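The values are calculated or read from the model by the stated rules, or taken from the named source; none is laboratory data. Bear in mind that the values here come from a model prediction, so they are computed numbers and not experimental data. Quick reminder, even Gly has a Cβ in these numbers, built from the backbone with ideal geometry, and neighbours come from all protein chains shown.
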Amino acid sequence: MTGPDSTPPPAPTTRRRRKGRAEELVVPEAEFTSYYGKPVIKPPPWAARDIAGYFFLGGLSGAGSVLAAGAQLTGRQATAKAMKASSLVAVSLSVAVLVHDLGRPGRFANMLRVFKPTSPLSMGSWLLAGYGPAAGAAAFCAATGRMPRLNGAATAVSALLGPGVAVYTAVLAADTAVPAWHDAHRELPYLFTASATGAAAGMALVLGPLPENGPARHAAALGAGADLLVNKLMEKRLGVVAETYREGTAGRLMSAARWLTAGGAVTALALGRRSRIAATAGGLALLAGSACTRFGVLQAGTASARDPQYTVLPQRERLSP
């Protein structure tokens, strides 16, 4: 008989082979625990609305500049002009929400005091500092029709820096100790690239004329396919940490992102060539899907940092023979 104050029976010991003989363990295998169930690491202090918005807007702007350059090279001037304006607005808003999260504009300027190639934060700050003026010059020249040489140079520079702006936030997140981000360091940059491609294609479908939206429709299909594939591979490889992408707020956001992205791409590819309504609906769905992906990734990271098992269990698995 055991009462409420009785001592529980000792945990069973295990045996293992060592040099041809069994060795009995005196101390049982340690079980997962943390101090009063408190998180092992500090959750990200970032405001979800600011930083997830920063992730989304930066991806939209960077990928949009690539599409704008392609549209200009292929003679799709209306789409090029619209995408340059969209990229300028998006990067301006992304810097605004970043500064809002930092608290003071001077803190962003302080990040430019150091040029450190091994720091994603330092390189990202310099990318934004170079990309923003180029995107602004390209949008101004396209809107006014002046300075064609500057227009060409600014369009080329923004297209070259755009992919870095779109993806560096994934590297920045993966460089932290947050399990849902750090453990996904292989897939997260590809996921952000695919998501940004879908968002920029969606914006081109919304703003560009129907006769010029062929590349945008194909980019939407490519981005959506890559997004869904990388999501599947990431969840398969993450093991127990993948729960943070499937459950709670993050799970609902990632599920909505998959449906919106797939639905937007199918609508744009099947009907967006002839129907203005279908092109707009597909584009808006792609934009919403990309936003849900960024907010879902942020929520998954926060959830994984708050629950100590997502820090301890993967470490134990990596140490086990």
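Conditions tested, residue by residue: (1) touching a residue at least 12 places away in the same chain (Cβ under 8 Å); (2) over 18 Å from Met83 (Cβ atoms); (3) in contact with a Leu (Cβ under 9 Å, 6 or more places away or on another chain).
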{"residue": "Ala137", "(1), (2), (3)": "yes, no, yes"}
{"residue": "Val165", "(1), (2), (3)": "yes, no, yes"}
{"residue": "Ala174", "(1), (2), (3)": "yes, yes, yes"}
{"residue": "Ala184", "(1), (2), (3)": "yes, yes, yes"}
{"residue": "Pro211", "(1), (2), (3)": "no, no, no"}
{"residue": "Gly214", "(1), (2), (3)": "yes, no, no"}
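Note on the range 189-216: residues that are surrounded by fewer than 24 Cβ atoms within 10 Å (Cβ to Cβ) and not hydrophobic (A, V, I, L, M, F, W, C) amount to 8.
For Leu222, the conditions (1) surrounded by 16 or more Cβ atoms within 10 Å (Cβ to Cβ); (2) at pLDDT 90 or above all hold with the exception of (1).
Scanning the range 63-85 for residues that are among the polar types (S, T, N, Q) and surrounded by 24 or more Cβ atoms within 10 Å (Cβ to Cβ) turns up Ser65, Thr79. Contact annotation: residue pairs with Cβ atoms under 6 Å, 6 or more positions apart or on different chains, pairing a residue in the range 52-72 that is under 19 Å from Ala174 (Cα atoms) with a partner that is among the charged types (D, E, K, R) and at pLDDT below 95, are Ala52/Arg294; Phe55/Arg294; Phe56/Arg294. With a requirement of 1 or more residues that are more than 15 Å from the chain's Cα centre (by Cα) and at pLDDT 95 or above, the helices (runs of 4 or more DSSP H) lying completely within the range 235-313 that satisfy it span 248-271, 276-306. Within the range 276-313, the set of residues being among the β-branched types (Val, Ile, Thr) and buried (at least 24 other Cβ atoms within 10 Å of the Cβ) comprises Thr293, Val297.
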